Amino acid sequence: MLGYLFILLASYLLGAIPTGFIVTRLVAGIDIRQVGSGNIGATNVHRILGWAWYIVVLLIDMAKGIAAVWLAHRISGGEIIIKMLAGAAAVAGHNWTVFLRFKGGRGVATSAGVFIGLAPRPMLIIILLFIVIVVLTRYVSLGSVVGALLLPFLLWFFKAELPLIIFGGLISAAIVIKHIPNIKRLLTGQEHKFGSRVGLKP
């Protein structure tokens, strides 16, 4: 039992590392929450620091999810439920980080890392589709929402275990809910395109 509690706590703290906040503070000396969209994720980092730091933040945020699943696998002996709980803890840490007064990102990159660890084949398809959508439309939010909605169906298609399909549905719902403001802006044509520059928040 103590081992499982350690997994959950460690996974939450891994997810809670506010990568985008730390990087923009160290590199540019600014609070990312006061710039652009105010989000601490990689897309907002790109608006401020460009491609190189976008990739750094994206990969680290994904690595947090992968690491949580790997840690759970090593300690639990591969129990799928424990790995899913560890993944959920990492995503919760990213979305509601203790280091930023329980405010964080939208959890897309960390969720992607979790499912790279849990179901790599469906996740590879989603990542490729995400890239295509963003390249064609320049809307990161659209790629994120479409990928999230497809996740449980691809898990079912690849014959994943039922608990994993249900978990995928829950993560999918959480991502879509986090993107409701973006969805509204997409519908009204007001969503920021990837690479656009946005001024400081008042």
Among the residues of the stretch 26-36, write down those that are surrounded by fewer than 18 Cβ atoms within 10 Å (Cβ to Cβ) and part of a loop (DSSP other than H, G, I, E, B).
-> Gly29, Ile30, Asp31
Tell me which residues, restricted to the stretch 3-25, are in a helix (DSSP H, G or I) and of a type in the set (A, V, I, L, M).
-> Leu5, Ile7, Leu8, Leu9, Ala10, Leu13, Leu14, Ala16, Ile22, Val23
Within the stretch 57-93, tally of residues that are under 16 Å from Met123 (Cβ atoms) and free of Cβ contacts under 8 Å to residues at least 12 places away in the same chain | 1
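Matching residues to (1) more than 17 Å from the chain's Cα centre (by Cα); (2) surrounded by 12 or more Cβ atoms within 10 Å (Cβ to Cβ); (3) at pLDDT below 95:
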{"position": "Phe158", "(1), (2), (3)": "yes, yes, no"}
{"position": "Leu162", "(1), (2), (3)": "yes, no, no"}
{"position": "Gly169", "(1), (2), (3)": "no, yes, no"}
{"position": "Ser172", "(1), (2), (3)": "no, yes, no"}
{"position": "Lys178", "(1), (2), (3)": "no, yes, yes"}
{"position": "Gln190", "(1), (2), (3)": "yes, no, yes"}
{"position": "Phe194", "(1), (2), (3)": "no, yes, yes"}
{"position": "Lys201", "(1), (2), (3)": "yes, no, yes"}
Could you please find all residues in the stretch 41-71 being assigned to a helix (DSSP H, G or I) and farther than 19 Å from Ala16 by Cβ?
-> Thr43, His46, Arg47, Ile48, Leu49, Trp51, Ala52, Trp53, Tyr54, Ile55
Run down Trp51, Trp70 and say which single residue is aromatic (Phe, Trp, Tyr), at pLDDT 95 or above and out of contact with any Leu (no Cβ under 6 Å at 6 or more places or on another chain).
-> Trp70
Of residues in the stretch 104-144 being in contact (Cβ under 8 Å) with a residue 60 or more places away in the chain and within 29 Å of Gly3 (Cα to Cα), the one farthest from the chain's Cα centre (by Cα) = Gly104
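The values are calculated or read from the model by the stated rules, or taken from the named source; none is laboratory data. Please read all numbers here as calculations on a predicted model, not as lab measurements. Cβ sites come from the backbone with ideal geometry, for glycine too, and all protein chains shown count toward neighbours.
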